[in-house]
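Engineer: This structure is in structure tokens; I'll ask about it shortly.
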Amino acid sequence: MGWIPASIKRFSRTRWFAWLGSRTAPRIDRLFHRATGGRVATARLARVPALMLTTIGRRTGKKRTTPLLYVRDETRFIVAGTNWGQSREPDWALNLRANPTAWVQAGRERGVYRARVAGEDEERRLWPELQKIWPAYETYRERSGRKVNVFVLEPTEEG
């Protein structure tokens, strides 16, 4: 790993990084995603896999897209609702609870997925995999003071 990805991962545990990242990275990634068809993302600077998750807004009914880090588990995508260590669950997670249908784009791969919260045993197995790609997840989990849910996105027949 080069010095840039290593530095990003080291700084990712700080409060200022989470504050700045939460306000800039999603906006930049949505813009780059539209402009490049998903080929450019801020996560690539840290050499971590990122996808674009589209959910249906629980209050508005409109589609909402957010970039997330992920790990693969066979055909499934695994994401964590850390919300950069904030005390409240991220909007995308609340949207998935209200409507578990989601659209995912990871690179050139696209599909329709059904989301669910990982069971306890599943979470124990998957959490270390999420930490491998983004070590700050444990810091975010501790800082949030809440249960950070791990979501499993399973492909559907529609996708």
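Engineer: Provide the packing ranking of 56-67, 92-103, 138-149, i.e. peptides ordered by the mean count of other C-beta atoms within 10 Å per residue, highest first.
Structural biologist: Put in order of decreasing packing, that is 92-103, 138-149, 56-67.
Engineer: Heavy atoms only, 1.4 Å probe, whole protein assembly: order Arg108, Arg23 by accessible area, highest first.
Structural biologist: Descending accessible area places them as Arg108, Arg23.
Engineer: While we're here: Using a 1.4 angstrom probe on heavy atoms only, work out the carbon and sulfur share of the accessible area of the chain in %.
Structural biologist: Of the solvent-accessible surface of the chain, carbon and sulfur hold 53 percent.
Engineer: Sticking with this structure for a sec: Give me the net charge of Glu74's neighbourhood, meaning all other residues with Cβ under 14 Å from the Cβ of Glu74; Lys, Arg count +1, Asp, Glu -1.
Structural biologist: Values: positive: Arg72, Arg76, Arg125; negative: Asp73, Glu109, Glu122, Glu129, Glu154.
Net local charge, Glu74 excluded: -2.
Engineer: From Cα pairs below 8 angstrom and at least 6 apart in sequence, can you work out the relative contact order of the chain, rounded to a whole percent?
Structural biologist: Numbers: 265 pairs, mean separation 39.0, N = 159.
The value is 25 percent.
Engineer: Additional query: What does the charge count around Ala115 come to, taking other residues whose C-beta lies under 12 Å from its C-beta (Lys +1, Arg +1, Asp -1, Glu -1)?
Structural biologist: Working: positive: Arg76, Arg97, Arg114, Arg116; negative: Glu154.
So the environment of Ala115 carries a net charge of +3.
Engineer: Quickly rank 121-134, 72-85 as a protection proxy: mean count of other C-beta atoms within 10 Å, highest first.
Structural biologist: The most tightly packed comes first, giving 72-85, 121-134.
Engineer: Using the heavy atoms of the protein chains alone and a 1.4 angstrom probe, what is the accessible area of the chain per residue in square angstrom?
Structural biologist: On a per-residue basis, the chain sits at 56 Å².
Engineer: Write down the Kirkwood hydrodynamic radius of the stretch 93-159, to one decimal in angstroms, obtained as one divided by the mean of 1/r over all alpha carbon pairs.
Structural biologist: By the Kirkwood definition, the hydrodynamic radius is 13.3 Å.
The values are calculated or read from the model by the stated rules, or taken from the named source; none is laboratory data. All values reported here derive from a predicted model rather than from experimental measurement. All Cβ positions, glycine included, derive from the backbone under ideal geometry; neighbour counts span all protein chains shown. Keep in mind that these areas ignore ligands, DNA and RNA; they rest on the heavy atoms of the full protein, side chains included. Shrake-Rupley method; radii C 1.70, N 1.55, O 1.52, S 1.80 Å.
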